[in-house]
Amino acid sequence: MKYRFPKKEKVVSLKIINALFEKTAHNIFVFPFKISLIFLSDQEVSSQVLIIVPKRNFKKAVDRNRIKRQIREIYRLNKGPFLQHLKSSQVQVAISIAFVGKTELEYAKANQAFIKVLKQLADYIEKNSTSAIHTAN
């Protein structure tokens, strides 16, 4: 499997971004990540991701960008089984990953937490894949 994170897997649509922050989005919290999820339809890829690090907790852009880079790397390396699960269940989702920690990211702990998040997301999608599809195109 190629470990890539191309632009088509990133959320760039304002409609999808707004839908991720509505109350209808499903939220999962595993410290230091808060994940929001919505179901989509008619997308090229099965998963689109938005990564957020708040300015409130990290004032310097250098720190925020470093954390985002680390989260992208963690996602890129661990997305394989999750994407296979999405393809097998024929579901398309948009996910926002917000880093809610107050201190710098420790890679090993963040990796373990992210693996837990992906398992919880897969379980949630398996249970609710037949629910109403949100069209945010």
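Tabulated results
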read-out	value
Failed criterion for Ile97 (all others in (1) surrounded by 17 or more Cβ atoms within 10 Å (Cβ to Cβ); (2) over 16 Å from Glu9 (Cβ atoms); (3) of a type in the set (A, V, I, L, M, F, W, C) hold)	(2)
Residue list for segment 52-75, filter: over 11 Å from the mean Cα position of the chain (by Cα), farther than 17 Å from Phe31 by Cβ and part of a helix (DSSP H, G or I)	Ala61, Val62, Asp63, Arg64, Asn65, Arg66, Lys68, Arg69, Glu73
Members of segment 11-50 that are in contact with a Leu (Cβ under 8 Å, 6 or more places away or on another chain) and in a helix (DSSP H, G or I)	Ile16, Ile17, Leu20
From the options Val49, Val45, Val100, residue that is more than 13 Å from the chain's Cα centre (by Cα), aliphatic (A, V, I, L, M) and at pLDDT 90 or above	Val100
Unique residue being in contact with a helix residue (DSSP H, G or I) (Cβ under 9 Å, 6 or more places away or on another chain), modelled with pLDDT under 95 and part of a helix (DSSP H, G or I) when the list is Lys109, Lys79, Lys8	Lys79
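Results for (1) over 20 Å from Gly80 (Cβ atoms); (2) loosely packed, with under 15 Cβ neighbours inside 10 Å, shown as yes or no for each residue.
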{"residue": "Phe29", "(1), (2)": "yes, yes"}
{"residue": "Phe33", "(1), (2)": "no, no"}
{"residue": "Ile38", "(1), (2)": "yes, no"}
{"residue": "Glu44", "(1), (2)": "no, yes"}
{"residue": "Leu50", "(1), (2)": "no, no"}
{"residue": "Val53", "(1), (2)": "yes, no"}
{"residue": "Arg56", "(1), (2)": "yes, yes"}
{"residue": "Lys68", "(1), (2)": "yes, no"}
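The values are calculated or read from the model by the stated rules, or taken from the named source; none is laboratory data. As the structure is a prediction and not an experimental result, all values here were calculated from the model. All Cβ positions, glycine included, derive from the backbone under ideal geometry; neighbour counts span all protein chains shown.
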